[in-house]
Amino acid sequence: MSDIPSELRYSESHEWARIEDDGSVIIGITDHAQSLLGDLVYVELPELEINIKNGDEAGVVESVKAASDIYSPLSGEVVAVNEALADAPELVNSDPYGGGWLFKIQPVDESELTDLLDADGYEALIESDDT
Amino acid sequence: MLIFEKSQTQRQAALQAPDIVDTVLDIPKELQRSSKAVLPEASELQTVRHYTQLSQKNFSIDTQFYPLGSCTMKYNPRGVHKLAMMPDFLKRHPLAPLKQSQGYLSCAYELQQMLASISGMSTVSLTPMAGAQGEFAGVAMIRAYHEDRKDNARNEIIVPDAAHGTNPASAVMCGYKVKEIPTGADGNINLNTLKAMVGPQTAGIMLTNPSTLGVFDQNIKAVAKIIHEAGGLLYYDGANLNAILGKVRPGDMGFDVLHFNLHKTFATPHGGGGPGCGPVGVSERLKPYLPTPMVTKENDSYRWLTKKDCPKSIGRLSCFMGNAGIILRAYIYCRILGLQGMHRAAEFATLNANYLQTRLQQAGFTLAYPERKASHEFIVTLAKEAKTLGVTAMDVAKRLLDYGVHAPTTYFPLLIPECLLIEPTETEAKEDLDYFIDIMIEILNEAKTNPELVTTAPHTLPIKRLDDVKAARELDLTWNFGE
Amino acid sequence: MPYIPHTDNDIKNMLAVIGADSINDLFNEIPAELRIDTLKNIPDGLGEMQTNQLMQEKASLDKRGLCFIGAGAYEHHIPAAVWEIAGRGEFMTAYTPYQAEASQGTLQLLYEYQTMIASLMGMEVSNASLYDGASALAEAVLMAVRANRKSKSKRILVAGSIHPHYLDTANAIVHAQGISIEVVPFCNTQGKVLVEAFATYENEDITAVVIPQPNFFGVLADVNQLTAWAHQHNALAIAVVNPTAVALLKEPGQWADGVDIVCGEGQPLGIPLSSGGPYFGFLCCKKTIVRQMPGRIIGRTVDSEGLTGYTLTLQAREQHIRRSKATSNICTNQGLAVTAATIYMSLLGFEGLKKVARACYANTHQLAALLTNIDGVTLMFQGHYFHEVLLQLPCDIDAVLDNLCEQGIQGGFNVSPYFPQLENALLVCATEVKTEKDLQHFANQLEFAIHQVA
């Protein structure tokens, strides 16, 4: 069973989002997503300071046999990216909700967060995917 | 050991380099090379031995059964290769005067005619250098056709989810958006889904028939009607042409353009990953857009058709005329086969595939489309075995290597889980098919009684399974000269 | 039945297993109205002996002359061992090395090739080949557009002195993706693009600059300056080079601060002229942009017991995984030609390749000296050239070439139709295979031909 922290919000395309004290939002991919992809070998992240819209492609995660687009669950400006992933993409596998975060966004509309799934909703989604 | 690790400073195959008199090299210093390149320093025997030994680490058609689905690994006749390597052909410069090129040009011209006949198309251009370049040329012609008619709103190409990855990639190279159409449960395209998908934005559709699922889409005429009525054109991916050679023609199915894979259907060598060759054929309406150069015949002599003769051509795709030597091989193969041989290629490729399919099903393997006849290939899915025994398609593929058989295509098409796409071709004898069936049964037994034997295979090859993750994370793409 | 092993008994048994009455029944899922019984224009089959006779007759029509044509394809000595080994069934009849354990021969060879060609070009990485030099340039342009994130314009500047067929090919392949290829004119007296010609682009957003060396006319340009200009303007530098010439000429990795991408035609490395193909294109780049590279790439790794092995890597760039978002649609490349080239480079070594390059240089310069002794024949351009040179003749080139053809000489390539400003321009090349006698014979016959035509 994959790990689904209750305090996070989730997209249907398997990204998670966590709001920080300063109002910025950290984004990553879920434990479920990383386990489907297998060992990651490369992560392509968005450019700093660009503005992206909710649902836009914001990067790519690559394993040996698959590549999957990352979609931003929120609209806003990219204010940080996880540079550690350049040398250690495996962090996404080992610590998807911590050291394996992908990028940080300053959202234009925080209410977009409430449109995302909560942990129960996401769990229901991946269970229905399995059947 | 790498050839570099066998090198010794100053050693060389001295005989092979020209003697040079001391000439003045009148080139400015800043344009001259000052550093050495790391090329091997080996004797001729060392080189010959090194590469001969490397060759022995390969599986090949000449040494093993190679049922790689979608690749048509049939016997590559030695006689054909030898004739194409005749010095007069090898020494011909691509820009040689026409008067000294009539032999080669006649072969190319006759092949153009034969391929047009085989495909039911009006005209053929031989120049694309591989299937993917043929696809590019084909879609580029579709685009040129719409643009020529000022029909500029068409920006989508429809591609089935089971298609070769080259199809969507080629469409994108031609500036199109790709719209994926799901395959129906019977392996055919669902006509209602298709109807809902087409419109004034549809530039065309790219199809393989028989499809990559190893079945013939019986609705193809209806598909063609829907696309044509929407104003789009139909592209035929010729990867599976060996299944229908002399039986059905893509032109009669309603296709407007196709590519051939000479290295599949016409037995030119696969070469460890090429050269291929992907001639394109078109119906009358796409003829003006064919890539150049082509060969034409005027008063019993042959000459090149270039952009000057074909102002609407999509242009040139290589410096000269593509993989000319492969074209020559395909021509010779066609002359050897002749009309009867072509019919028989498809017949026996289909017989072998259906025999294998039936026997494997009887032995307990699950077919992806048990209700359908195989074309020249078919799919076995090991989803059940993966779940119950923990043995995947990859494991079975690796274990086959231990038994001296090259693995079928694995994990393609993507929509069938744990699949093996198996294509025996017409040149394999029944005993070789029977051996394959025996070892598939044996591997299934091993999977039940000793799964680790299968999941850790291969055991008998120069190396065991490789760490692909390390290969991609810690890129080592050239030998580090300092080491 | 050519190459079909089935006996009547086999057919009977196999049909019984399938439960079909005849082979024809196996096609009954195909709608009847689509099925055909025969094909037009396909002759009856031939035995191997008759085929030999047919092809010998065809080959005899392609009379071999003494060839002084270069223009993108070069006649070099090919050691016998090259195709003896490359022609082994284990290399020739294998396919793309998807099953690494059963393909270590091809994979290790390709890794060695990547090392050799990257080192020759002074670059960090190489792929396992593209189709040919011209299509490799098209792929290099597409790659540059992906790799140069600072540039949004998709504008590529190409030296006008590049092979015209390369320009046509690149245009045909890239134009649908909104990329514009703009030609920078060459100097009509020096036959090369000068850095001054870029002045008009001083304040523009340029994605990449394409720099040939030697160029189509055999002329050597000031590639350091051109590379520096590209980098000063945030454009990538793409070199198009001849692999023989690079043994003597500065490798692109050392042009100014080093080009970003190198491509070119691999044919000079042991591939016969053979009417234009199969050849192979090479493509090398800086390691920082390797993920934008198209085509197969081989990496070294270890197996489950720690033994060294070789495998296809970075496959997530490729069409079979990435589909519509792949770096290119390329799948099959030119494996067999690369096999030959690797063996060629191993036999020649760097010292041998340098000797080949020097001999080509010497022969072409000697030829130019002989030919310009003929009344009315002059060098078209001032300046340095390598193993090809553009001559101006006092009369129509086609007529001269026709006359030479009758004497068994393929006397060069008529350049004027491509560059109308260059009147009566003949491009000639003499590689290491030409003897002093050959050069003198050509000079005598050319003098005679000009006399006849003029």
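The values are calculated or read from the model by the stated rules, or taken from the named source; none is laboratory data. These numbers were taken from a predicted model, which means no experiment stands behind them. Positions of Cβ are generated from backbone atoms using ideal geometry, with glycine treated the same way; all protein chains shown enter the neighbour counts. Remember, those area values only see protein heavy atoms, side chains included, never the ligands or the DNA or RNA. Shrake-Rupley method; radii C 1.70, N 1.55, O 1.52, S 1.80 Å.
For segment B:426-476, the tally of residues that are within 14 Å of chain A (Cβ to nearest Cβ) and among the hydrophobic types (A, V, I, L, M, F, W, C) stands at 5. Summed over segment B:124-150, the residues that are of a type outside the set (Asp, Glu), open to solvent by 10 Å² or more (accessible area, probe 1.4 Å), in a helix (DSSP H, G or I) and more than 10 Å from chain C (Cβ to nearest Cβ) give a count of 1. Assessment of segment B:51-59 against the conditions (open to solvent by 40 Å² or more (accessible area, probe 1.4 Å) and outside any loop (DSSP other than H, G, I, E, B)) yields at least one matching residue.
Does C:CYS360 fit the bill of being hydrophobic (A, V, I, L, M, F, W, C), surrounded by 24 or more Cβ atoms within 10 Å (Cβ to Cβ), more than 7 Å from chain B (Cβ to nearest Cβ) and under 20 Å from the mean Cα position of the chain (by Cα)?
Details: hydrophobic (A, V, I, L, M, F, W, C): yes; surrounded by 24 or more Cβ atoms within 10 Å (Cβ to Cβ): yes; more than 7 Å from chain B (Cβ to nearest Cβ): yes; under 20 Å from the mean Cα position of the chain (by Cα): yes.
Here the answer is yes, as C:CYS360 does meet what is asked.
Please go through segment C:316-328 and give me each residue that is open to solvent by 10 Å² or more (accessible area, probe 1.4 Å) and either among the aliphatic types (A, V, I, L, M) or within 7 Å of another protein chain (Cβ to nearest Cβ) (or both), ordered by number. If the condition is that a residue be open to solvent by 10 Å² or more (accessible area, probe 1.4 Å) and either among the aliphatic types (A, V, I, L, M) or within 7 Å of another protein chain (Cβ to nearest Cβ) (or both), then C:HIS320, C:ILE321, C:ARG322, C:ARG323, C:SER324, C:ALA326 are the ones that fit.
Looking at segment C:13-33, is at least one residue surrounded by 18 or more Cβ atoms within 10 Å (Cβ to Cβ), on the phi < 0 side of the Ramachandran plot and more than 7 Å from chain B (Cβ to nearest Cβ)? Can you show your working first?
As a first pass, look at segment C:13-33 and keep what is surrounded by 18 or more Cβ atoms within 10 Å (Cβ to Cβ): C:14-15, C:18, C:20, C:23, C:26-27, C:30.
Cutting the leftovers down to on the phi < 0 side of the Ramachandran plot gives us C:14-15, C:18, C:20, C:23, C:26-27, C:30.
Imposing the further condition that a residue be more than 7 Å from chain B (Cβ to nearest Cβ) reduces the set to C:15, C:20.
Scanning segment C:13-33, I find at least one residue that is surrounded by 18 or more Cβ atoms within 10 Å (Cβ to Cβ), on the phi < 0 side of the Ramachandran plot and more than 7 Å from chain B (Cβ to nearest Cβ), so the answer is yes.
Which residue out of B:ASP26, B:ASP19 is among the charged types (D, E, K, R) and either at the interface with chain C (Cβ under 7 Å from one of its Cβ atoms) or in a helix (DSSP H, G or I) (or both)? It would help to see each step written out before you state the result.
Values: B:ASP19 fails: either at the interface with chain C (Cβ under 7 Å from one of its Cβ atoms) or in a helix (DSSP H, G or I) (or both).
Step by step, each of B:ASP26, B:ASP19 is checked, and only B:ASP26 is among the charged types (D, E, K, R) and either at the interface with chain C (Cβ under 7 Å from one of its Cβ atoms) or in a helix (DSSP H, G or I) (or both).
Examine segment B:87-95 for a residue that is at pLDDT below 95, touching an Asp or Glu at 6+ places or on another chain (Cβ under 6 Å) and among the charged types (D, E, K, R), and state whether such a residue exists. Checked segment B:87-95: at least one residue is at pLDDT below 95, touching an Asp or Glu at 6+ places or on another chain (Cβ under 6 Å) and among the charged types (D, E, K, R).
I want to confirm something. Restricting to segment B:172-203 and keeping residues that are within 14 Å of chain C (Cβ to nearest Cβ) and part of a strand (DSSP E or B), which single residue is nearest to B:GLY131 (Cα to Cα)? Reasoning before the result, please.
Going through segment B:172-203, the residues within 14 Å of chain C (Cβ to nearest Cβ) turn out to be B:172-181, B:186-188, B:203.
Next cut, part of a strand (DSSP E or B) only: B:177-181, B:203.
Values: B:LYS177: 20, B:VAL178: 19, B:LYS179: 21, B:GLU180: 20, B:ILE181: 22, B:ALA203: 20 Å.
Only one residue tops the list, namely B:VAL178.
Taking the condition surrounded by 21 or more Cβ atoms within 10 Å (Cβ to Cβ), modelled with pLDDT of 95 or more and at negative phi, does B:THR350 pass? Spelling it out, B:THR350 is indeed surrounded by 21 or more Cβ atoms within 10 Å (Cβ to Cβ), modelled with pLDDT of 95 or more and at negative phi. Among the conditions (1) part of a helix (DSSP H, G or I); (2) crowded, with 18+ Cβ neighbours inside 10 Å; (3) modelled with pLDDT under 95, the only one that B:VAL38 does not satisfy is (1).
Anything in segment B:61-86 that is within 15 Å of C:ALA86 (Cβ to Cβ), of a type in the set (A, V, I, L, M) and open to solvent by 10 Å² or more (accessible area, probe 1.4 Å)? List them, or say none.
Step one: list which residues in segment B:61-86 are within 15 Å of C:ALA86 (Cβ to Cβ), which gives B:62, B:76, B:78, B:81-82, B:84-85.
The next check asks that each one be of a type in the set (A, V, I, L, M); those that pass are B:84-85.
Across segment B:61-86, the qualifying residue is only B:MET85.
Yes/no per residue for (1) open to solvent by 20 Å² or more (accessible area, probe 1.4 Å); (2) aliphatic (A, V, I, L, M); (3) under 27 Å from the mean Cα position of the chain (by Cα):
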| position | (1), (2), (3) |
| --- | --- |
| B:LEU194 | no, yes, no |
| B:GLN201 | yes, no, no |
| B:MET206 | no, yes, yes |
| B:ASP217 | no, no, yes |
| B:ASN240 | no, no, yes |
| B:ILE244 | no, yes, yes |
| B:ASP256 | no, no, yes |
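Residues of segment C:310-341 that are in a loop (DSSP other than H, G, I, E, B) and farther than 19 Å from A:VAL60 by Cβ: C:ILE330, C:CYS331, C:THR332, C:ASN333, C:GLN334.
Provide a single number: the residues in segment B:63-83 that are facing another protein chain (nearest Cβ under 7 Å) and closer than 15 Å to C:LEU336 by Cα.
If we filter segment B:63-83 for residues that are facing another protein chain (nearest Cβ under 7 Å), which is where we start, we get B:63, B:68, B:71, B:73, B:75-77, B:79, B:83.
From the residues that got through so far, the ones that are closer than 15 Å to C:LEU336 by Cα too are B:76.
Total satisfying the criteria: 1.
Screening C:TYR385 against (1) without any contact (Cβ under 8 Å) to a residue 24 or more places away in the chain; (2) more than 24 Å from C:THR96 (Cα to Cα); (3) more than 7 Å from chain B (Cβ to nearest Cβ) leaves a single unmet condition, (1). Yes or no: B:ILE327 surrounded by 24 or more Cβ atoms within 10 Å (Cβ to Cβ) and in contact with a Leu (Cβ under 6 Å, 6 or more places away or on another chain)? Considered against the rule, which asks whether it is surrounded by 24 or more Cβ atoms within 10 Å (Cβ to Cβ) and in contact with a Leu (Cβ under 6 Å, 6 or more places away or on another chain), B:ILE327 comes out as yes.
Using the structure shown, decide if C:PRO278 is in a loop (DSSP other than H, G, I, E, B) and more than 11 Å from chain B (Cβ to nearest Cβ). No.
In the set C:ASP396, C:ASP438, which member is of a type in the set (Asp, Glu) and open to solvent by less than 50 Å² (accessible area, probe 1.4 Å)?
On the way: C:ASP396 fails: open to solvent by less than 50 Å² (accessible area, probe 1.4 Å).
Going through C:ASP396, C:ASP438 in turn, the sole match is C:ASP438.
Contact annotation: residue pairs with Cβ atoms under 8 Å, 6 or more positions apart or on different chains, pairing a residue in segment C:181-199 that is within 13 Å of C:LEU422 (Cβ to Cβ) with a partner that is loosely packed, with under 14 Cβ neighbours inside 10 Å and modelled with pLDDT of 95 or more, are C:ASN188/C:GLN421.
Checking the structure you have, find out if any residue of segment B:92-106 is small (Gly, Ala, Ser), outside any loop (DSSP other than H, G, I, E, B) and surrounded by fewer than 19 Cβ atoms within 10 Å (Cβ to Cβ). Before you say what the answer is, go through the steps one by one.
Residues of segment B:92-106 small (Gly, Ala, Ser): B:96, B:101, B:103, B:106.
Within this subset, residues satisfying the condition of being outside any loop (DSSP other than H, G, I, E, B) are B:103, B:106.
With surrounded by fewer than 19 Cβ atoms within 10 Å (Cβ to Cβ) added as a condition, the list becomes none.
For segment B:92-106, residues small (Gly, Ala, Ser), outside any loop (DSSP other than H, G, I, E, B) and surrounded by fewer than 19 Cβ atoms within 10 Å (Cβ to Cβ): absent.
Of the residues C:LEU426, C:LEU422, C:LEU367, the single one that is in a loop (DSSP other than H, G, I, E, B), crowded, with 17+ Cβ neighbours inside 10 Å and either hydrophobic (A, V, I, L, M, F, W, C) or within 14 Å of another protein chain (Cβ to nearest Cβ) (or both) is C:LEU422. Filter segment A:42-82 for residues that are of a type in the set (Gly, Ala, Ser) and over 14 Å from the mean Cα position of the chain (by Cα) and give the result. A:SER63, A:ALA66, A:ALA67, A:GLY76 - these are the residues of segment A:42-82 that are of a type in the set (Gly, Ala, Ser) and over 14 Å from the mean Cα position of the chain (by Cα).
Checking the structure you have, find out if any residue of segment C:164-178 is in a loop (DSSP other than H, G, I, E, B), touching a residue at least 12 places away in the same chain (Cβ under 8 Å) and buried (at least 20 other Cβ atoms within 10 Å of the Cβ).
Let us first name the residues in segment C:164-178 that are in a loop (DSSP other than H, G, I, E, B), namely C:178.
Keeping just the survivors that are touching a residue at least 12 places away in the same chain (Cβ under 8 Å) gives C:178.
Subset that is buried (at least 20 other Cβ atoms within 10 Å of the Cβ): none.
No - not one qualifying residue is present in segment C:164-178.
Of the numbered criteria (1) in contact with a Phe, Trp or Tyr (Cβ under 9 Å, 6 or more places away or on another chain); (2) in the same structural domain as C:ILE271 (by TED's automatic domain parsing), the one C:GLY87 fails is (1). For segment B:91-100, filtered to residues that are within 7 Å of another protein chain (Cβ to nearest Cβ) and in contact (Cβ under 8 Å) with a residue 24 or more places away in the chain, the residue that is nearest to B:THR381 (Cα to Cα) is B:PRO94. If you filter segment C:329-355 down to residues that are among the small types (Gly, Ala, Ser) and more than 7 Å from every other protein chain (Cβ to nearest Cβ), you find that the one that is farthest from the chain's Cα centre (by Cα) is C:ALA340.
Listed by position, the strands (runs of 3 or more DSSP E) contained in segment B:242-337 that have at least 3 residues being within 30 Å of B:ILE61 (Cα to Cα) and assigned by TED's automatic domain parsing to the domain that holds B:MET129 are B:257-260.
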